[in-house]
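The values are calculated or read from the model by the stated rules, or taken from the named source; none is laboratory data. Given the structure is predicted, the values throughout are model-derived calculations rather than measurements. Methodologically, a virtual Cβ is constructed for each residue, glycine included, from the backbone with ideal geometry; neighbour enumeration extends over all protein chains shown. Just so you know, the surface numbers come from the protein's heavy atoms only, side chains and all, with ligands and any DNA or RNA stripped out. Shrake-Rupley method; radii C 1.70, N 1.55, O 1.52, S 1.80 Å.
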Amino acid sequence: MKKKFMSLLLASSLCLSLAACGQTTKPDQSTQTPDTSKETPTPEPVDAKLSGKVTVYMPSPAGLADKLAEAFTAKTGVEVEQFQGTTGEILARLETEQANPLADVVILASWSDGLTMKADDQLESYTPADAARINNGWIDEDSTLFGYSASAVGVIYNTTVYPELNADWSELSDSRYQGDIAIPDPEKSGACKDFLAGLVTGAADGESIMQSWADNGLTVPGANKAALEAVTTGEKGILIAGVDYNAYSSISKGEPLGIYYPASGTVVNPRPAMILKAAPNMDNAKAFVDFLFSDEAQQLVADAYLLPGRSDVKCDNRSNLDEIPQITTDWDKMMGVASDTAAKLNSICQ
């Protein structure tokens, strides 16, 4: 994925949005014509004690990352430098920067990978603003992982090939789907990796289901984007463990796709935002995490077809959290098998 670094500066054109976000002085509501001959001063940031920058590593969708960065800068005056990539790319970058840490906040698409970072003692403990309204279980017991959003995986299908589909996970090994099923590469997609870990630890026949897909001609076209493209174009009819927000976004653009969550349940994967212990800009990092749970940021999350991290924020463009059947998940067990399970899936599909 293309790497993007963004430095967003306040400009006079943002005055109105800044006023909406942070000023407490009410505008003059009289009908008198304003004096446009006077220059309008640029409003001060909401939190004047903050300055400088914050460096944030975050996964797709890129549009959401950019909007969050822009809104945070408008609200605080703090510049946001970004690296956008897949979970695997972010983790690889962090590894190369161990001797000279650059990131302040890291967001991943995999809760289990976040737990691995916690186990490696890389994370700072913090209690974010609005913590009481965060979905149950979306903050770890040591307050180092903060699920500001989430995705779930489902079955995404091409409606020109299958006008209707509701097969459960095990039923996708049926001969009628022979050679027509695909899955994202779980070694590149954190969401798919965590789903497979949940399947093999939370379902009695999870291992055999995975093998049955391979026996039925399961292919691995690439990470989430490439895998969805294979189904959108009709190269494959069915995508197993496709990330839901990608499907909802594509459907809204008129693509011939459908999505459902199999009745036996799926894995809802909170996307952890984490503050690094080695963060060069610690105060700004904490402010950014606070912002992620603000009304404004959570609405941006919902608009991007992700599940919001706060229980009081609902979506009107996709299934909400309480409408998704879930596998019982044990994240500690899943973390222990996730990488091996992902590698095994790729091995048996070769």
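Is it the case that residue 273 is in a strand (DSSP E or B), open to solvent by less than 10 Å² (accessible area, probe 1.4 Å) and at positive phi? When the stated conditions are applied, residue 273 does not pass them.
Rundown of residues vs (1) surrounded by 17 or more Cβ atoms within 10 Å (Cβ to Cβ); (2) in contact (Cβ under 8 Å) with a residue 12 or more places away in the chain; (3) under 26 Å from residue 229 (Cβ atoms); (4) not hydroxyl-bearing (Ser, Thr, Tyr), yes/no style:
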| site | (1), (2), (3), (4) |
| --- | --- |
| 110 | yes, yes, yes, no |
| 120 | no, no, no, yes |
| 139 | yes, no, no, yes |
| 159 | no, yes, yes, no |
| 167 | yes, yes, yes, yes |
| 190 | yes, yes, yes, yes |
| 206 | yes, no, no, yes |
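For region 1-107, the helices (runs of 4 or more DSSP H) that sit wholly inside it and include 3 or more residues that are open to solvent by 30 Å² or more (accessible area, probe 1.4 Å) and at pLDDT 90 or above are 62-76, 87-96.
Only one of the numbered conditions (1) farther than 25 Å from residue 118 by Cα; (2) touching a residue at least 60 places away in the same chain (Cβ under 8 Å); (3) not small (Gly, Ala, Ser) is violated by residue 322, and that is (2).
Across region 171-181, the qualifying residues are those that are without any contact (Cβ under 8 Å) to a residue 60 or more places away in the chain and among the hydroxyl-bearing types (Ser, Thr, Tyr), and the one among them that is surrounded by the fewest Cβ atoms within 10 Å (Cβ to Cβ) is 175. Return yes or no: is residue 286 open to solvent by 10 Å² or more (accessible area, probe 1.4 Å) and assigned to a loop (DSSP other than H, G, I, E, B)? So residue 286 fails the test. Only one entry of 184, 221 meets the criterion of being modelled with pLDDT of 95 or more, in a loop (DSSP other than H, G, I, E, B) and surrounded by 24 or more Cβ atoms within 10 Å (Cβ to Cβ), and that entry is 184. If you go through region 224-235 and keep only what is open to solvent by less than 50 Å² (accessible area, probe 1.4 Å), out of contact with any Ser or Thr (no Cβ under 6 Å at 6 or more places or on another chain) and not in a loop (DSSP other than H, G, I, E, B), you end up with 226, 227, 228, 230, 231, 232.
One residue is enough: does region 236-252 have a residue meeting the conditions open to solvent by 20 Å² or more (accessible area, probe 1.4 Å), of a type in the set (Phe, Trp, Tyr), touching a residue at least 60 places away in the same chain (Cβ under 8 Å) and under 20 Å from residue 329 (Cβ atoms)? Checked region 236-252: no residue is open to solvent by 20 Å² or more (accessible area, probe 1.4 Å), of a type in the set (Phe, Trp, Tyr), touching a residue at least 60 places away in the same chain (Cβ under 8 Å) and under 20 Å from residue 329 (Cβ atoms). Taking the criterion of being more than 17 Å from residue 154 (Cα to Cα), at pLDDT 95 or above and in contact with a Gly (Cβ under 9 Å, 6 or more places away or on another chain), the residues of region 187-218 that qualify are 201, 216, 217. None of 265, 179 is at pLDDT 95 or above and in contact with a strand residue (DSSP E or B) (Cβ under 6 Å, 6 or more places away or on another chain) except 265.
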